[in-house]
Every structure is written in C-alpha cells, then in structure tokens.
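The values are calculated or read from the model by the stated rules, or taken from the named source; none is laboratory data. Not measured: the values here are computed from a predicted model. Here the Cβ positions follow ideal geometry from the backbone for every residue, glycine too, while neighbour counts run over all protein chains shown. Accessible surface is based on the protein model in full, side chains and every heavy atom, while ligands, DNA and RNA are left aside. Shrake-Rupley method; radii C 1.70, N 1.55, O 1.52, S 1.80 Å.
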Amino acid sequence: MPTEKGRPDRLLDHVAGPGTAALDGAGEAMWLDVIAKMDEVYSDLLRYETDLEAKNSELEEAQAFISSVIASVSDILVVVDAAGRIVQVNPAFVRLTGVSEAEIVGSALAARLAPADRDAAAGIAGAAQPSDRELRFLTRDGVSDLMAVASSPRLDHAGRRAGAVLTGRPIGELRRAYEALHRAHQELQQAQRKLVEQEKMASLGRLVAGVAHELNNPISFVYGNIHTLDRYRTRLTGYLDALHRGGDPDELRRSHRIDAVVEDLAPLIEGTLEGAVRIADIVRNLRRLSFTRPGDRRPVDLERLVRTAATWAAKAKGDAVAISVSAEPGATAEGQEGQLHQVVVNLIENAIDAVRGRPDPRVEVSVGAAGPDMVEIRVADNGPGVAPEIADKIFEPFFTTKTVGEGTGLGLWISYSIAREHGGELALAPSAEGAAFALRLPRGRAEPDAGA
Ligand SMILES: Nc1ncnc2c1ncn2[C@@H]1O[C@H](COP(=O)(O)OP(=O)(O)OP(=O)(O)O)[C@@H](O)[C@H]1O
Ligand SMILES: [Mg+2]
C-alpha cells in the first residue's frame, strides 16, 4: 500500500511554521490542502478495500474449488507433518475411518493405522522418496479394507522436508477383479486342456484307423493262405486214403495234383509266416507307443521313428505324396518314443497338407547332427511356405489357417510343448522353398533298446 510517509511531516512543518499573520491566509490554504489529501487518502483506501475484497473473494473461490476437488476425490488423502502428525485429511478418509476430522487432525498417523501396520508410519513421515505400501487404517469398529497407499514427501516454501502426503484407494476391488480374471483364466486353461485331450483322442482315432488298415493286409493274406492250406490238407488226406486202399501211386499223384501242392507248400508257409511277423511288428510298434509312461525316457532310434511316422502320416492323410526319408545311421534321441512319434507325424501331416494340389508334391524328412549333443529331425516341403506375418503365431494354440474340421491348430502347439519337455526345441527353419521345421532333441545317452 503506497502510504505517503512524508505527508504528516509536511503538515507539521506548516503548523509550526514561523509568523502568525502568515498563519491566517496560509492556514486556510493549508487546511484545504490537508482535506484534499485526506480525501485522496480516503479514496485510495476505498479503492484498496474493493481490491482487497475482490482478491479475497477470488481466494475464497479458489479455496472452495480446491476443497470441492479434495472432497469429491474418492481416494483418501492424508497430509502429515515431519513428526508424523496428521495436518489435514479429506472427506474420503473421514468416511473410511468413521472418525471426525476434528478428532483426526493433530493425532499421530501411527495411531490411525491398524496395529500390524503402525511401524510404517515413521518411514512415511521421514521419507525423502515417494513410496507405495499396502496398509489398513483403524475405523470406528475395526480395521479398513486393505488400501494401496502412495506417499510422497512434502516440502515447505523454503524447500525443506515438511512431512508427507498420502493418497490411497482400497485394493479389495482390484483384488476381486484380479481374482475374477484369475478364475476366468483358469477356466480357459481347463477348457484348453479339455480340447487338447479331445485332440489327443481324435489323433488316437486316426492312429487306430491307421493301425486297422495296416493290420488288414497281412491278416487277409494269412487268412487266404490258411484257406489254401486247408484245401491242400483235404487233397493230401484224400491222396493218402486212396494210396492206403491200394491205388496206383503215380496215377493218384497225378489225379490229386500232389506235385503242385508240394511245390506250393513252402511259399505258402513262408508267406503266412511273413504275415504273422508283420502283424507282430505292428503290435510291437503299438506297444512301444502306448507303454511309454511319463518320464520314461530312453534312447529312441530316430531312423525307425521317422520311417514309421512317415508311413502313418501318409496313411492318415491318404494323399499320394512322395515322402523321402534320410537318416544319419544309428542316430538316437533321449525321449519318449510315443510322444516324439506324435510330433513327427504332426509335422509330416502339416507338410502333406501344404503340398496338396501341387503338380510335384514333395516332402523330405531327414535326421542329422545339430552339434555334439543334439540331433535334428528336419521336415521340409515344397508347399507355399509360412508367410512372415503368421510365422510367430503358428505355434500358438488354436492358430490355424485350415477350415473347420480340417485342422484345430493344436498340432504345432502340442509338438512345441513336447519338444520343450524333452529339453529340445521346435522351430521354423530357413529353407530355399516351401517350409521346413526343425525338431532338435538331446542325443540318446545309451544304446537304443532292440524293441519287443
Ligand atoms: N508345412 C507347412 N507349410 C505351410 N504352413 C504351415 C506348415 N505347417 C504349419 N503351417 C501353418 O501353421 C498352422 C498351424 O499348424 P498346426 O499344426 O498347429 O495346426 P493345423 O495343422 O492347422 O491343425 P491340427 O494340426 O490341429 O490339425 C497351419 O494352419 C498352417 O497355416
Ligand atoms: Mg497340424
């Protein structure tokens, strides 16, 4: 306020001025001057007062605005001083604790916290850095919900630490939402597992159909051979009976066509035996697939594995595709034969699907070294290849570009999991044409078992 300090002095100068005659004339002028000055001061005062009032109402408005903001914030707000005493709280905190603001302000923060959380109070008031905690506050009748509380240091106008500001919100809500999400996720996983099981059942179905087809052939020729042998038996017993009755041996031998029977016997028996051996082989393969228990790992002969897988995949798909198989002699991998078989069948089936409709469909399966401790089974085709934009998706469950009923999108996902469980990996491999998948596995540690 521009108070004119010099003015009263000048007034005194005039009053105590020398000469009384001068006082009459000059006195009046002086008083007029004084009155004018006083008017001026008075109107200044008035102006300052209106200014002040305006400023005051602005300040009140700003304060009301801040208060209304603080009041309507649903998060709790607590301001503490450097000694850990509460300086201010917002209505949300009053609502949370059920204790009046008057009672809270001035009390220690520690006294407002649930007994288990009291130790945190000292750390909050004196902290130089912002921090986050999970705290409960005392309420009229117990303790509050768990709150996620963020505290930041508060500085005074000179930049000195003056306590802290705490804001917080209940995490019960968040936690409930998280739990609901977790439940949904678990249900999804369960559904996924069920689907995987279903897919496994479906592939088992395909396997059984393949086995039935495979067995049908030797069984039918064993059957046919037995019929022929039975006919020969009848012919031979007829020949022997006639011989005993005293017929002419040469004549009987010709009429019963005994030479043809004798000639035929060896290949017939050989063929039947071969059929029986094939059936035994198939059964042995099946036992190999079905009797591997989880964790039951042994060296697996990879050449035999890829050859069987190629046969089975071709059977399952029923396509006329040239599948070439080459293998490093004696290569083995440590693992469960049934599972590895499934992986290779999946890869070959995918390759067959990829080359469908090509004029020269080709699928190449090879087994080779991948470093000293690993072997690699590579399945390559001359199909359209995997587009770069889907290359990182093909191993995801249910990702498929095939139509409904043709593919579930689980093949590569299951294969990938099996490869990982074996301490190996399955990846898309670089190739000049089409697509190539590389399955890397740890080498077998001992001799492969001979089978049976
Ligand atoms: N050899 C390949 N060439 C081109 N694309 C391939 C090849 N192998 C897989 N893919 C792509 O990856 C997708 C996922 O393969 P995956 O084996 O997981 O499922 P699917 O073959 O579609 O169905 P499923 O195997 O469950 O019957 C396929 O739909 C296809 O788009
Ligand atoms: Mg597939």
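Is it fair to say A150 is of a type in the set (A, V, I, L, M, F, W, C) and surrounded by 14 or more Cβ atoms within 10 Å (Cβ to Cβ)? Explain how you work it out, then say what you get.
Working: of a type in the set (A, V, I, L, M, F, W, C): yes; surrounded by 14 or more Cβ atoms within 10 Å (Cβ to Cβ): yes.
For A150, the condition - of a type in the set (A, V, I, L, M, F, W, C) and surrounded by 14 or more Cβ atoms within 10 Å (Cβ to Cβ) - is met.
A380 fulfils the conditions (1) over 16 Å from S431 (Cα atoms); (2) part of a strand (DSSP E or B) except for a single criterion, (1). Scoring Q88 on the criteria (1) assigned to a strand (DSSP E or B); (2) in contact (Cβ under 8 Å) with a residue 60 or more places away in the chain; (3) open to solvent by 50 Å² or more (accessible area, probe 1.4 Å); (4) not hydroxyl-bearing (S, T, Y) leaves a single failure, condition (2). All of A164, A180 fail the test of being loosely packed, with under 12 Cβ neighbours inside 10 Å, at pLDDT 90 or above and of a type in the set (A, V, I, L, M), apart from A180. Screening A327 on (1) more than 20 Å from L302 (Cα to Cα); (2) open to solvent by less than 40 Å² (accessible area, probe 1.4 Å); (3) more than 13 Å from ligand 1 (Cβ to nearest atom) shows it passes everything except condition (1). Suppose the filter is in contact (Cβ under 8 Å) with a residue 24 or more places away in the chain and in contact with a strand residue (DSSP E or B) (Cβ under 6 Å, 6 or more places away or on another chain); does I377 pass it? Judged against the criteria, I377 is a match. Filtering R440, R445 for residues that are more than 16 Å from ligand 1 (Cβ to nearest atom), open to solvent by 40 Å² or more (accessible area, probe 1.4 Å), in a loop (DSSP other than H, G, I, E, B) and in contact (Cβ under 8 Å) with a residue 24 or more places away in the chain leaves a single hit, R445.
Set side by side, the residues A429, A419 differ, and just one is crowded, with 20+ Cβ neighbours inside 10 Å, in the same structural domain as P361 (by TED's automatic domain parsing) and either farther than 24 Å from D360 by Cα or more than 15 Å from ligand 2 (Cβ to nearest atom) (or both), which is A419. Taking the listed residues R378, R362, the one that is crowded, with 18+ Cβ neighbours inside 10 Å, modelled with pLDDT of 90 or more and away from ligand 1 (no atom under 11 Å from the Cβ) is R378, with no other qualifying. All conditions in (1) closer than 19 Å to A164 by Cβ; (2) in contact with a helix residue (DSSP H, G or I) (Cβ under 8 Å, 6 or more places away or on another chain) hold for A71, with the sole exception of (1).
Checked against the criteria, A71 does not count as open to solvent by less than 60 Å² (accessible area, probe 1.4 Å) and touching a strand residue (DSSP E or B) at 6+ places or on another chain (Cβ under 7 Å). What do you reckon, is K402 free of Cβ contacts under 8 Å to residues at least 12 places away in the same chain, of a type outside the set (F, W, Y) and either away from ligand 1 (no atom under 12 Å from the Cβ) or open to solvent by 30 Å² or more (accessible area, probe 1.4 Å) (or both)? No, not satisfied.
Which residues, taken from the stretch 390-415, are over 20 Å from L340 (Cα atoms) and of a type in the set (S, T, N, Q)? T400, T401, T403 - these are the residues of the stretch 390-415 that are over 20 Å from L340 (Cα atoms) and of a type in the set (S, T, N, Q).
For the subset of the stretch 334-365 comprising residues that are in a strand (DSSP E or B) and within 18 Å of W312 (Cβ to Cβ), which member is nearest to ligand 2 (Cβ to nearest atom)?
Let us first name the residues in the stretch 334-365 that are in a strand (DSSP E or B), namely 334-335, 362-365.
Okay, now just the ones that are also within 18 Å of W312 (Cβ to Cβ), so 335, 363-365.
Values: G335: 20, V363: 13, E364: 18, V365: 15 Å.
By that ranking, first place goes to V363.
Cβ separations smaller than 6 Å between residues 6+ apart or across chains give the following pairs from the stretch 347-366 residues that are closer than 9 Å to N382 by Cα to residues that are open to solvent by less than 80 Å² (accessible area, probe 1.4 Å) and part of a helix (DSSP H, G or I): P361/V355; V363/A351. For the stretch 217-235, the criterion of being open to solvent by less than 70 Å² (accessible area, probe 1.4 Å), outside the structural domain of L340 (by TED's automatic domain parsing), assigned to a helix (DSSP H, G or I) and closer than 27 Å to L340 by Cβ is met by at least one residue. Among the residues making up the stretch 96-130, those that are farther than 15 Å from V80 by Cα and open to solvent by less than 60 Å² (accessible area, probe 1.4 Å) are L96, T97, G98, V99, S100, A114, D117. The number of residues in the stretch 134-151 that are over 19 Å from S74 (Cβ atoms), touching a residue at least 12 places away in the same chain (Cβ under 8 Å) and not hydrophobic (A, V, I, L, M, F, W, C) comes to 2. Yes or no: A322 out of contact with any Gly (no Cβ under 8 Å at 6 or more places or on another chain), open to solvent by 30 Å² or more (accessible area, probe 1.4 Å), aliphatic (A, V, I, L, M) and modelled with pLDDT under 90? Against the criterion (out of contact with any Gly (no Cβ under 8 Å at 6 or more places or on another chain), open to solvent by 30 Å² or more (accessible area, probe 1.4 Å), aliphatic (A, V, I, L, M) and modelled with pLDDT under 90), A322 qualifies.
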